[in-house]
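Read through the structure below, which is laid out as structure tokens, and then see the notes.
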Amino acid sequence: MARPKKTASTTPKSDLLGIVYGYARVSTQDQSEKYGLEVQIAELERHGIDRSHIFTDIESGAVRDRPNLVKLIELVQTGDTIVIPKLDRLARSMLHLLQIVEQLNEKGVKFKSINDSGIDTTTPSGKLFLGIMASIAEFERAIIKERTKKGIQAKIAKEGKS
């Protein structure tokens, strides 16, 4: 995807110095419509992001090298902003999230999350809140994995008794 020209007609008024991009992700094509790609894209569009500036991937959040996320990070330049619907759409671990944010900071790119209010890496409090939210998201993911593992073990034990 070629980098669009920075003009007022393609950039929301709130950010005339850079381009605002969106990123949305689902783990599988069959993922629930409750928070599928179209729902996330619509949410990004409601926040003023042009559909042609929204990148999407169908890949687990645990996969680090998602093709369109990599393209987006390579494309953005100083003054641009990346907006995501929720933190877990970008990364599944605190370390990975912080690595992405650091890459963006090094390029002079801003980062915002719509549903995780307070996450705006242009402010010290936004950076603090990002770290806290990333820790909670990682904890939640670990709990889900633990419950899934226990559920599978219980099912295997039950089938073994049958």
Next on the checklist: Can you compute 3J(HN,Hα) from phi for each residue in the range 40-50, using the Karplus curve 6.51 cos²θ - 1.76 cosθ + 1.60 with θ = phi - 60°, rounded to whole Hz and x for Gly and Pro?
Outcome noted: 5, 4, 4, 5, 5, 5, 4, 9, x, 8, 5
Checklist entry - Taking springs between alpha-carbon atoms closer than 10 angstrom, which of Asp57, Asp30, Asp88 fluctuates most in the Gaussian network model of the chain? => result Asp30
Checklist entry - Considering amide H positions built from the backbone, and no H for Pro or chain starts, which residues 5 or more places from Ile82, or on another chain, come under 5 Å of its amide H? => result Tyr21, Lys110, Phe111, Lys112
Checklist entry - Which percentage, to the nearest 5, of the DSSP beta bridges contained in the chain is antiparallel? => result 10
Next on the checklist: As an exercise, take the mean of 1/r over every pair of distinct alpha carbons in the chain, invert it, and state the Kirkwood radius in angstroms.
Outcome noted: 16.9
Checklist entry - Points 7 angstrom from Cα along the Cβ direction at Asp65 and Lys107: gap in nanometres? => result 1.7
Checklist outcome for this item: Reported to the nearest 10 Å², Ser60 has, with a 1.4 Å probe, an accessible area equal to 40
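Per residue, how much accessible area does the range 22-162 have with a 1.4 Å probe, in Å²? Each step should come with its number before you reach the end.
Working: 8120 Å² over 141 residues.
Accessible area per residue: 58 Å².
As an exercise, use a Förster radius of 45 Å and the Cβ-Cβ distance of Ile144 and Ser52 to find the FRET efficiency, rounded to the nearest 0.05. Walk me through the intermediate numbers first.
Details: r = 34 Å, r/R0 = 0.76.
For R0 = 45 Å, the calculated efficiency reads 0.85.
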Checklist outcome for this item: Honestly the range 41-123 on the Cα gyration tensor test (a ≥ b ≥ c root eigenvalues; a/c under 1.5 rounded, otherwise a/b vs b/c for prolate or oblate) is just rounded
Checklist outcome for this item: Phi angles of the range 66-75, converted by Karplus (6.51 cos²θ - 1.76 cosθ + 1.60, θ = phi - 60°) into ³J(HN,Hα) in whole Hz with x for Gly and Pro, give 6, x, 7, 5, 4, 4, 4, 5, 5, 6
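Calculate what fraction, in whole %, of the accessible area of the range 47-134 sits on carbon and sulfur atoms when a 1.4 Å probe is rolled over the protein chains. Could you put the intermediate results ahead of the total?
Values: 2180 of 4030 Å².
Carbon with sulfur: 54 percent of the solvent-accessible area.
The values are calculated or read from the model by the stated rules, or taken from the named source; none is laboratory data. These numbers were taken from a predicted model, which means no experiment stands behind them. All Cβ positions, glycine included, derive from the backbone under ideal geometry; neighbour counts span all protein chains shown. The protein model used for the area step is the full one, side chains on, heavy atoms only, and it has no ligands, DNA or RNA in it. Shrake-Rupley method; radii C 1.70, N 1.55, O 1.52, S 1.80 Å.
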